[in-house]
Amino acid sequence: MFFLAPATLGFVVFYIWPTLRGAYLSFTEYSLLEAPKFNGLDNYERMIHDSFFWNALGVTLEYVVINIGVQTVLAVAIAMVMYRLTRSITVRAAILLPYLVANVVVALVWYWMLDFQVGIVNQGLTWLGIDPIAFFGDSNWAIPTIAGINVWRHMGYTALLVFAGLQTIPSYVYEAAEVDGAGEMKTFWRITLPLLRPVLVMVLVVTMIGSFQIFDTVAVTTQGGPINSTRVIYYYIFERAFTRFDFGYASAMAMVLFAILAIVSLLQLRLLRAKESDLA
């Protein structure tokens, strides 16, 4: 118990107390200029009629779908290539390298590379005879571009998690499939994916929670534009709290986001049977 005390204290101070404090503030009208005033469910009722909140939630869901879908597929593909062709530590380090770079640095580098006028990507498109694309200035491109940046940063880490899961699958399972005449694709769909389910569930839950918390890339590149097309829920909460000093309403939105993440995570764990294994 003595050795657990520092970690427990840190957990209470930096996680439990802020959560309880945020829950309390969500039922108040509060700014830095005056003490919190209890207003019941007014903030939650206000949220129902706030079109900006629903737009932010819709934009966030769009980002989550793109990010999780593309990242998971690429991560599984990379992990399979590493598992089948090479298990070099150097290759693993190279794949993990983007994840070790800070979010803000990654966002800035891609922001410059994708700049409409001087970005190297658009310079290359022009050289190929293709019109430049306003990756961050076009509402149709902005969210997919932000999702692509974060997929590039995180897919190596996700691939290593999947790769670790692949190494837990006994070799005799593949040997039996080979004896039965199963091809690569059939083996992947009938053996690899089912036996990877516990790892994939963990990856999906972690990726989903991280995707809902997207903030850095938006803050560095688009600041919610163009025309609110990238104003994700985290950025909207930040604006309400630290730009308009509407801490009560921002806390209410944060609590709703917390509830959404908890419900979706539990549903994923339940529906995908995270605690069960197909390996008999």
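What tally of residues in segment 86-102 results from selecting those that are within 16 Å of Leu160 (Cα to Cα), open to solvent by less than 60 Å² (accessible area, probe 1.4 Å) and touching a residue at least 12 places away in the same chain (Cβ under 8 Å)?
Selection size over segment 86-102: 3.
Residue check, Ser211 against (1) assigned to a loop (DSSP other than H, G, I, E, B); (2) modelled with pLDDT of 90 or more; (3) among the small types (Gly, Ala, Ser), all met but one. Which one?
Every listed condition holds for Ser211 apart from (1).
Confirm whether Phe52 is part of a loop (DSSP other than H, G, I, E, B) and of a type in the set (Phe, Trp, Tyr). Quick ask: steps written out before the conclusion?
Working: part of a loop (DSSP other than H, G, I, E, B): no; of a type in the set (Phe, Trp, Tyr): yes.
Answer is no for this residue.
When segment 168-200 is examined, which residues are found to be open to solvent by 90 Å² or more (accessible area, probe 1.4 Å) and assigned to a loop (DSSP other than H, G, I, E, B)?
Thr168, Asp180
So which residues in segment 14-37 are loosely packed, with under 11 Cβ neighbours inside 10 Å and either within 28 Å of the chain's Cα centre (by Cα) or outside any strand (DSSP E or B) (or both), if there are any at all?
Phe14, Tyr15, Leu32, Leu33 - these are the residues of segment 14-37 that are loosely packed, with under 11 Cβ neighbours inside 10 Å and either within 28 Å of the chain's Cα centre (by Cα) or outside any strand (DSSP E or B) (or both).
Can you pull out the residues in segment 206-218 that are open to solvent by 20 Å² or more (accessible area, probe 1.4 Å) and either touching a residue at least 24 places away in the same chain (Cβ under 8 Å) or hydroxyl-bearing (Ser, Thr, Tyr) (or both)?
Scanning segment 206-218 gives Ile209, Gly210, Asp216.
For segment 130-139, check the following and say yes or no: at least one residue is under 23 Å from Tyr234 (Cβ atoms), open to solvent by less than 40 Å² (accessible area, probe 1.4 Å) and polar (S, T, N, Q).
No, segment 130-139 has no match at all.
State yes or no: is Phe11 more than 30 Å from the chain's Cα centre (by Cα), more than 21 Å from Phe242 (Cβ to Cβ) and open to solvent by 70 Å² or more (accessible area, probe 1.4 Å)?
Criteria not met by Phe11.
Considering every residue within segment 183-197, establish whether at least one is under 24 Å from the mean Cα position of the chain (by Cα) and closer than 26 Å to Leu57 by Cβ.
no
Might you let me know whether segment 103-120 holds any residue that is assigned to a helix (DSSP H, G or I), over 17 Å from Pro144 (Cα atoms), open to solvent by 60 Å² or more (accessible area, probe 1.4 Å) and touching a residue at least 24 places away in the same chain (Cβ under 8 Å)?
Looking through segment 103-120, at least one residue is assigned to a helix (DSSP H, G or I), over 17 Å from Pro144 (Cα atoms), open to solvent by 60 Å² or more (accessible area, probe 1.4 Å) and touching a residue at least 24 places away in the same chain (Cβ under 8 Å).
The values are calculated or read from the model by the stated rules, or taken from the named source; none is laboratory data. Predicted model only: the values in this text are computed from it and were never measured. Reconstructed Cβ throughout: ideal geometry from the backbone, glycine too, with neighbour counts over all protein chains shown. Note: areas computed on protein heavy atoms with side chains; ligands, DNA, RNA excluded. Shrake-Rupley method; radii C 1.70, N 1.55, O 1.52, S 1.80 Å.
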